[in-house]
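What follows is a single structure, written as structure tokens, with notes after it.
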Amino acid sequence: MSGTKFVLALLIAAGVVFGAALLVGNSYVFFAGYVVLQYIALATAWNILGGYTGYVNFGTAAFFALGAYTTVVLHKLTTLPLPIMMPIGGIVSGIIGLGTGYLTLRLRGAFFSIATLALAVVVQTLITNWDFVGGSRGAYIVRPPTTPLLGIDYIQYLCLVMLALVVIVLATARAIERSRLGYGLATIRDDELAAEASGVPTLRLKLVATTMSGAFMGMAGAPLPYYVTYLDPTSGFNLAYAVNGVAMPLVGGTSSWFGPVIGAILLGTLQQVVTVTISSAVNLLIVGLVLVAFVIVAPNGILGLLRLQGRRS
Amino acid sequence: MTGAALLEVTDLGKRFGGFVALEAIELAVQDGERVGLIGPNGSGKSTLVNCMCGTLRHETGSVRFAGRMLDGLSAHERTRLGVARSFQLPRPFNTLTLAENLRIPLLYAVNARPGATLGALAIDERCAELLQMVGLAAKSAHMPRDLTQIEMRKLELARAMASSPRLLIADESMAGLSHGEVDDILALLIRLNEQGVTVILIEHIMRAVMHFSQRLVVLVAGRKIADGDPADVVRDPDVVRAYLGE
């Protein structure tokens, strides 16, 4: 399938999803759907660095929250519409991603992961001590009374915006996979020395990956203040984002753009169901259990499992 | 400086902490030459390769290639200039197929050179041609883990060749191979040389080195102790002492 056709298919799928949600006629569907969509974007963004390039990022929450806090700042200073705030949040997180890439370029494997974890702590500390965005008290965001699109309420609007982001992120991820860049990233994942010897500028490509991954995470976080209407560092930098960001691609499969989508839909939906049926605290426990199960049963995720089935039959 | 040499290593030195790995290495390789590089284990052969290819940074001296100073250039820039290497232990890209393994240097080294833009079709053709050359055409869609040891070495050489180098440095590409397999690789290297590629062969198998080399260089404990006609070099008392002791 060509790139244009793929984007078209994504748009149709997005339209169907949104239409179906409208048909249900219950606004909870949009509340839950927003979270699942947000995780699709987040997991796919993580996978650009974690899956394609092989650098495991534990600092997802930092990039995500930076996007969210950029919105808080913009909300206080400007009257920009949300679709403009999102790319700005993306730029902020992308710059931090670039910086992280530069600072950690000598670190590989677990050491890189530890550094990203440290980054999350540093950024959270900075935000907690920044009074302008509410510090540890948090910031209240009053949603605009109307949405730019007639006839839908604000949560539906947020859902639509997130759906658009998902289309962009998925189209980008798939395009990377089939491009020269995708091959370059794969060689970094496989063997950096051999990659250099084959002419691959590993440092530059790593920076491209950290920047893109960070930027998409920031964009996924940008609408968050409008969704929760009250944002404090504990919720913005919640461990759940980091854990889910890693778990969803791993459960789905990191080798293709489709893996994080499956993982995010599966885990995201499961968490939403558990939140309303059992308790919101069981959320992460579920993720942990699913992750353990997958490491044992399907180390290459659902995609790996399917591929194995395909080879056997 | 002659200026005619393709590769010129001058006064090259490299230390690891207090350990002197290479000291005052002088080496000139002419365009189209076949040079053998030998030395006991730990004599600095691979370190020299790594310094020439940019994997390691040397502290003193310089490396010139085709009239250009290579010092300070990263490994991928040197590959783009035409210096290719194979690794002592094959380092294939394990999640890519054989054909894709060869695509990488085509995409990133060949296509990065000014004026050279291979289209998708030309790249596929060149991959097939390279696999044909090393006898792996039937396995182009296989993964590197499906390969035997000798096939892995051939893939390593094919990937080095994919970057269309002017100089190929083959770092022990025959270690652990059988008699017949060594001949296979040797034939391949000689054919490449006939096509105009300058080759530096680093090897322990003396039969192969003597058969291949027009000139032999010997490293011992980080120093070059001999350089010249292979037949003369192996009779050199210093070389004999280094290998056999007093």
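Quick one: would you say A:V36 is in contact (Cβ under 8 Å) with a residue 40 or more places away in the chain and either small (G, A, S) or surrounded by 14 or more Cβ atoms within 10 Å (Cβ to Cβ) (or both)? Spelling it out, A:V36 is indeed in contact (Cβ under 8 Å) with a residue 40 or more places away in the chain and either small (G, A, S) or surrounded by 14 or more Cβ atoms within 10 Å (Cβ to Cβ) (or both). For region B:63-79, state whether one or more residues are surrounded by 15 or more Cβ atoms within 10 Å (Cβ to Cβ) and at pLDDT below 90. No, region B:63-79 contains no residue that is surrounded by 15 or more Cβ atoms within 10 Å (Cβ to Cβ) and at pLDDT below 90. A single entry from B:R113, B:R103 fulfils the requirement of being surrounded by fewer than 16 Cβ atoms within 10 Å (Cβ to Cβ), more than 18 Å from the chain's Cα centre (by Cα) and within 11 Å of chain A (Cβ to nearest Cβ): B:R113. In region B:116-135, of all residues being among the aliphatic types (A, V, I, L, M) and surrounded by 21 or more Cβ atoms within 10 Å (Cβ to Cβ), the one that is nearest to the other protein chains (Cβ to nearest Cβ) corresponds to B:L130. Of all residue pairs spaced 6 or more apart or on separate chains, those with beta-carbon atoms under 6 Å, a first member in region B:175-188 that is surrounded by 15 or more Cβ atoms within 10 Å (Cβ to Cβ) and a second member that is among the hydroxyl-bearing types (S, T, Y) are B:I185/B:S173. Of all residues in region B:89-100, those being more than 10 Å from chain A (Cβ to nearest Cβ) and crowded, with 24+ Cβ neighbours inside 10 Å number 1.
Of everything in region B:56-67 that is in a loop (DSSP other than H, G, I, E, B) and either of a type in the set (D, E) or away from chain A (no Cβ under 14 Å) (or both), the residue that is farthest from B:V83 (Cα to Cα) is B:E59.
Taken over region A:38-54, the criterion of being over 9 Å from the mean Cα position of the chain (by Cα) and in a helix (DSSP H, G or I) is satisfied by A:I48, A:L49, A:G50, A:G51, A:Y52. When A:A281 is tested against (1) more than 30 Å from B:T55 (Cβ to Cβ); (2) part of a helix (DSSP H, G or I); (3) of a type in the set (A, V, I, L, M, F, W, C), just one condition goes unmet, and that condition is (2).
Out of B:A226, B:A208, one residue alone is without any contact (Cβ under 8 Å) to a residue 60 or more places away in the chain, away from chain A (no Cβ under 14 Å) and closer than 13 Å to B:V35 by Cβ. It is B:A226. Just wondering, is there one or more residues in region B:68-78 that are in a strand (DSSP E or B) and of a type in the set (S, T, Y)? No; the residues of region B:68-78 include none that is in a strand (DSSP E or B) and of a type in the set (S, T, Y). Beta carbons closer than 6 Å, at least 6 apart along the sequence or on distinct chains, pair a first residue in region A:195-207 that is at the interface with chain B (Cβ under 8 Å from one of its Cβ atoms) and closer than 25 Å to B:L157 by Cα with a second that is surrounded by fewer than 22 Cβ atoms within 10 Å (Cβ to Cβ) and among the acidic types (D, E) for A:T202/A:E192.
Where strands (runs of 3 or more DSSP E) fall wholly inside region B:1-55, the ranges with 3 or more residues that are in contact with a strand residue (DSSP E or B) (Cβ under 6 Å, 6 or more places away or on another chain) and surrounded by fewer than 22 Cβ atoms within 10 Å (Cβ to Cβ) are B:7-16, B:19-29. Do we have B:S86 as away from chain A (no Cβ under 12 Å), touching an Asp or Glu at 6+ places or on another chain (Cβ under 7 Å) and either within 30 Å of A:G51 (Cα to Cα) or not β-branched (V, I, T) (or both) here? Considered against the rule, which asks whether it is away from chain A (no Cβ under 12 Å), touching an Asp or Glu at 6+ places or on another chain (Cβ under 7 Å) and either within 30 Å of A:G51 (Cα to Cα) or not β-branched (V, I, T) (or both), B:S86 comes out as no.
Looking at region A:155-164, can you tell me whether even one residue there is touching a residue at least 60 places away in the same chain (Cβ under 8 Å), within 14 Å of chain B (Cβ to nearest Cβ) and either surrounded by fewer than 19 Cβ atoms within 10 Å (Cβ to Cβ) or over 24 Å from the mean Cα position of the chain (by Cα) (or both)? Scanning region A:155-164 turns up no residue that is touching a residue at least 60 places away in the same chain (Cβ under 8 Å), within 14 Å of chain B (Cβ to nearest Cβ) and either surrounded by fewer than 19 Cβ atoms within 10 Å (Cβ to Cβ) or over 24 Å from the mean Cα position of the chain (by Cα) (or both). Taken together, the residues in region B:202-211 that are touching an Asp or Glu at 6+ places or on another chain (Cβ under 8 Å) and either of a type in the set (F, W, Y) or under 14 Å from B:N41 (Cα atoms) (or both) amount to 3.
The values are calculated or read from the model by the stated rules, or taken from the named source; none is laboratory data. Keep in mind it's a predicted model, so treat the numbers as computed, not measured. All Cβ positions, even for glycine, are placed from backbone atoms using ideal geometry, and neighbour counts span all protein chains on display.
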